[in-house]
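The structure appears right after this line, and notes come after that.
Readers should treat all values here as calculations from the given coordinates under stated rules, not as data from a laboratory. Note that the structure is a prediction, hence the values are computed from the model and not measured. Cβ coordinates were reconstructed from backbone atoms using ideal geometry, including for glycine residues, and neighbour counts include every protein chain displayed.
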């Protein structure tokens, strides 16, 4: 089972929205998905519970562990193709993922460039994680993605984030793919896959990380 961990050390960047849509997209593609909700409020699991892809009759499952750290073990992992983890703000990549070699872990770090505080702080914290990998046996796979899902000019947002990451010498971690504004009305507002541009961008991001869609 491949673990896709959506983690950025700050709130308001779109972790839950990104994780929810990734889990649903993979399920729609026929993969067996374990959605692991570690975030306060359990919004991802509440949203997915209303989707037929995660009904009791489906081959997918939802695990709720609110305000807990990333688990070491996933019971029943052999029955699933992917685990998609939505994490809380306080659980940093460094604390949970730099403890030994975990080659099947892939971390997606969405950043909202409209958040000036996050734009300044997040690159510094991710740089600290990157430096820590030099001192551990970790094989961390980390991809930073510009998340414009809540509005704003995509090109400007990407350029702003790229500059901040360059200033911290980690621009190579930035994906060229931008998650655009999901302009779609839905009974479940976290789900943006009804917007074609958003769905295509998210699919392209996953493909760039080795997911076959």
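Among rounded, prolate and oblate, which fits region 2-202 when a ≥ b ≥ c are the square roots of the eigenvalues of its C-alpha gyration tensor, a/c under 1.5 means rounded, and a/b larger than b/c means prolate? Oblate.
For residue 89 and residue 127, the FRET efficiency from 1/(1 + (r/R0)^6), where r spans their Cβ atoms and R0 equals 30 Å, is about 0.95. For 70, 126, the sequence from fewest to most other C-beta atoms within 10 Å is 70, 126. Set against the 2.2 N^0.38 Å expectation for a compact globular protein, region 1-98 has a Cα radius of gyration ratio of 0.99. The order of 44, 1, going from fewest to most other C-beta atoms within 10 Å of their C-beta, is 1, 44.
By the count of neighbouring beta-carbon atoms within 10 Å, fewest first, 209, 34, 148 end up ordered 209, 34, 148.
Taking each residue as 0.36 nm, the span from residue 208 to residue 65 lengthens on full extension beyond its C-alpha to C-alpha distance by 48.6 nm.
Please list, by residue number, everything in region 1-37 whose backbone N is under 18 Å from a paramagnetic label point 7 Å out along Cα→Cβ of residue 120. Output list for this probe position: 9-13. The helix-based estimate of mean residue ellipticity at 222 nm for the chain, built from -39,500 (n - 2.57) per DSSP H run of four or more residues and divided by its residue count, is -10000 deg cm²/dmol to the nearest 500. Rounded to the nearest 0.05, the FRET efficiency derived from the C-beta distance between residue 186 and residue 29 at R0 = 25 Å is 0.85.
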